[in-house]
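Right, one structure below, let's go through it.
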Amino acid sequence: KQWYQRRVAITAGDNRSAHVKVLRSLGQDGRTLPLQGHVGFDSLPDQLVNKCVNLGFDMNILCVGETGIGKSTLMDCLFKANFDDTVHSHKSPGVEISEHIYNLKEGNVKLRLAIVDSVGYGDQINKENSFKPLVDYADEQFENYLQEELKIKRDLVTFHDSRIHVCLYFLVPTGHSIRSLDLVTMKALDKKCNIIPIIAKSDTVSKSELDTFKANIMEELRANDVEIYTFPTDDETVADVNKEMNEMMPFAVVGSREDVKVGEITVRGREYPWGVVEIENEQHCDFVKLREMLIRTNMEDLREVTHRKHYELYRRGKLKQMGITDDGAHPVSLQETYEQKRAEHLEELQRIENEMRQNFVNKVREKDLELKRNEKEVSYFYHFVI
């Protein structure tokens, strides 16, 4: 009987198409059914990995710090490569953005790495607007991605994602407190990208001063509501190490391009009259911890947070400016929004046209009155002369 009723519904045409929809109450989480044999969808993770490996990955790093603080050297150490290093002077009239893109390959994984440098940052006497070029650059990358999203024919798979995934903020090792310029800049950037503060050239301060400096930095960041990136602790596989590393922020690092011989081995480090600072020795600095957290453990989370949090915040603000709102109760219709904006624009044009027409009429009237007044004066003068 049920089969007959379903057949009748199909042949009669149910205004819902010829497909029969069988609704079952499975509960909120559905129903788990045992399989009677191997199906094959357990290979989906492998398919996803293969697809991602073939496409490659994008990683964009913004380095913010004053000239000569060691930004280029640290990048060379992190990726064990010799990137382009242009020497910049301290006489730059303003802050400029310098972007270099490199194609790296490790094993069969391809990485398109963009290193964005803040040339001239902090070198001016008036540092009031030093952060503005950095904010404008971050917004420009968001806008480029948004414009690609809004295209009718879009291709986000092959589109070069230039959004800033992480900002390495290089702090001067004063040993006391963070500078006001650093606070203002990080506050302006904390809604644009993931900020990881690092203490550059940490070998110039003592161990005790460094511990105090770290504590002072974190206290001032919290006091000024500056939001920095925290390593995720929701994944059980990395929760413990990420929690431990969050407590060690900011990282105190040392960079070097030189190989130094210590005993019978050669290490990357800096040689001083009193000894050698090894950059990969965790007793000397936090470089290994930074590399582990930034590249080997949380690189994908940095990319995900950029898209899910920072870009979404920018996208939401731009759509609200366009008049597109979503209160959850009423679905958004782009056609209705377009018609509304078009009607408002036409109404504004009509208002401007009416104002211009009225101004023209008033000017003509004033000119006519002036001509009549002049005519009367000429007529009076003529009769007076006669």
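Every number here is computed from the coordinates shown, using simple stated rules; none is lab data. For clarity, every value in this text was computed on a predicted model and none was experimentally measured. Ideal geometry is used to build each Cβ from the backbone, glycine not excepted, and the neighbour counts take in all protein chains shown.
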Under a GNM of the chain (C-alpha, springs under 10 Å), which listed residue has the highest mean-square fluctuation: Gly122, Gly56, Gly255? Gly56
Multiply the residue separation of Asp259 and Lys110 by 0.36 nm, subtract the distance between their alpha-carbon atoms, and state the gained length in nm to one decimal. 50.9 nm
Proximal lysines to Lys51, defined as alpha-carbon separation beneath 25 angstrom and excluding residues fewer than eight positions away on the same chain: Lys105, Lys110, Lys151, Lys153, Lys309
Region 45-63 and region 189-244: distance between their alpha carbon centers, rounded to Å: 27
If the label point is 7 Å along Cα→Cβ of Glu128, which residues in region 68-105 have backbone nitrogen under 18 Å from it? 93-95
Using the beta-carbon distance between Lys367 and Ile101 and R0 = 56 Å, what value does 1/(1 + (r/R0)^6) give for FRET efficiency, to the nearest 0.05? 0.30
Quick one: if the Förster radius is 51 Å, what FRET efficiency do Thr174 and Glu148 give, using the C-beta to C-beta distance and rounding to 0.05? 0.75
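Let me know the shape class of the chain, please: from the alpha-carbon gyration tensor, a ≥ b ≥ c as square roots of the eigenvalues, rounded when a/c is under 1.5, otherwise prolate if a/b is greater than b/c, or oblate.
Details: a/c = 2.91, a/b = 1.23, b/c = 2.37.
Oblate, since a/c reaches 1.5 and b/c is not below a/b.
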Note down the nm distance, to one decimal, between modelled labels 7 Å out along Cα→Cβ at Lys187 and at Glu220. 1.3
How much mean residue ellipticity at 222 nm does the chain get from its helices, if each DSSP H run of length 4 or more adds -39500 (n - 2.57) and you divide by all residues, to the nearest 500 deg cm²/dmol? -13500 deg cm²/dmol
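If I take every Cα pair under 8 Å that is 6 or more residues apart in the chain, average their sequence separation and divide by the length, what percent do I get for the relative contact order?
Values: 443 pairs, mean separation 46.9, N = 386.
With pairs under 8 Å counted, the relative contact order is 12 percent.
Working out 0.36 nm times the residue gap between Met356 and Met299, then minus their Cα-Cα distance, what length gain in nm do you get to one decimal?
Details: separation 57, 0.36 × 57 = 20.52 nm, distance 5.84 nm.
Between Met356 and Met299, full extension yields an extra 14.7 nm.
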Of the peptides 153-163, 260-270, how do they stack up when ordered by the mean number of other Cβ atoms within 10 Å, highest first? 260-270, 153-163
The simple spin-label model distance between Phe57 and Leu35, using points 7 Å out along Cα→Cβ, in nm, is 2.8
Which of Glu247, Glu344, Glu220 fluctuates most in a GNM of the chain (C-alpha springs under 10 Å)? That residue is Glu344
Let a ≥ b ≥ c be the square roots of the eigenvalues of the Cα gyration tensor of region 41-198; is it rounded (a/c under 1.5), or, if not, prolate (a/b larger than b/c) or oblate? prolate
